[in-house]
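These notes are about the structure you will find just below.
Derivation of every value follows stated rules applied to the coordinates shown; laboratory data play no part. Small disclaimer: the values here were computed from a predicted structure and weren't measured. Every residue, glycine as well, gets a Cβ built from its backbone with ideal geometry; the counts of neighbours run over all protein chains shown.
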Amino acid sequence: MSRLLEIMKSHPLTLIVNLPKNDVEMAKAACDAGADALVISHSENDKEIINSVLVPVGLDLPRNKAKELVPLLASDFDFMNFYPEMLEYNINPGKAKIVVLDESYSLDKLMTVSKEKIDAINAAIIPVRQTGKDLVVGDLQNYIAMAMSSNLPVIVPTQRSIKISEVSIIWDTGARGLLLTEVVLGASLKSMVKAIKEYRIAIDDISVDEDSITAS
């Protein structure tokens, strides 16, 4: 089984980091700061990044290059993000398949893809024009609907500027993963590390609270 899927099963909320750039130093720093998993785009140093960290690393498949990148999935990537139309490609069955649902998302589309052999959903449903704006109630309602209707782990990317204080609210929707993007990470090593550490603390607090509830 994919290591990412194992982590999502055993953690209340999994912290995934989409690296601002494919850089070994940045990958190591992200892990040291508390990332449970990394997502990278394809570059010449994919293998070096994968070998430099202990956490699972996933590949982000862009729509315009998906077909030519599919053969790479036989490599050491643990999982991949891809769009529904890419389901027709022969994606390595040993990798975790995370389908990206974009702003054209609907419950009908969700039910269609959830019938396919996929492992999780990347809830990238925020319109591009709203990237970086504050989280709204409608977003939370959509995340809840996706988690309940699909019966699959839902990963929420920070398309919105999700605040540290809102991490527990994301967890309350039933989401199993939080994917940090450049919206909250910034582009520099320093800003990325600072953000990851802050989100790590917020997620660890959820774990403590959940343990307290279980014990009582």
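Couple of notes before you dig in:
- Taken about its Cα centre, the stretch 3-215 carries a charge dipole of about 320 debye when Lys and Arg each add +1 at the Cβ and Asp and Glu each add -1 at the Cβ.
- Computed over the alpha-carbon pairs of the stretch 3-215, the distance histogram in 5 Å steps reads 1, 7, 16, 20, 22, 18, 11, 4, 1, 0, 0 percent, short to long.
- HN-Hα J in Hz across the stretch 165-175 - Karplus 6.51, -1.76, 1.60, θ = phi - 60°, x for Gly and Pro: 5, 9, 4, 5, 5, 4, 4, 4, 6, x, 5
- Cα-based reach from Lys109 at 18 Å (exclusive), listing lysines while leaving out same-chain residues under 8 positions away: Lys97, Lys117
- Share of Cα-Cα pairs in the stretch 112-163 lying beyond 19 Å, as whole percent: 28
- For Lys97, neighbours were defined as the other residues whose beta-carbon sits under 10 Å from its Cβ, and their charges (Lys and Arg +1, Asp and Glu -1) total 0.
- Set of lysines near Lys194 by C-alpha distance (under 29 Å), chain-local residues within fewer than 8 positions excluded: Lys9, Lys21, Lys28, Lys47, Lys133, Lys163
- 5 angstrom amide H check on Thr14, placed H, neighbours 5+ away: Gly177, Leu178
- Using alpha carbons only: equivalent-ellipsoid semi-axes of the stretch 1-67, gyration tensor based, whole Å: 20, 16, 10
- Of the residues Asn142, Ser41, Leu19, the one whose Cα sits farthest toward the positive end of the charge dipole of the chain, with +1 on the Cβ of Lys and Arg and -1 on the Cβ of Asp and Glu, is Ser41.
- Kirkwood hydrodynamic radius over Cα pairs of the stretch 22-61, then Stokes diffusion coefficient at 37 °C and 0.692 mPa s, in µm²/s: 331
- The charge dipole of the stretch 101-153, taken about its Cα centre with unit charges on the Cβ atoms of Lys, Arg (+1), Asp and Glu (-1) only, comes to about 40 debye.
- With all pairs of separate Cα atoms included, the stretch 85-184 yields a Kirkwood hydrodynamic radius of 13.9 Å.
- Backbone geometry of the stretch 104-120 corresponds, through the Karplus equation with coefficients 6.51, -1.76 and 1.60 at θ = phi - 60°, to 3J(HN,Hα) couplings of 7, 3, 8, 4, 4, 5, 4, 5, 5, 6, 6, 7, 6, 7, 10, 10, 7 Hz, x marking Gly and Pro.
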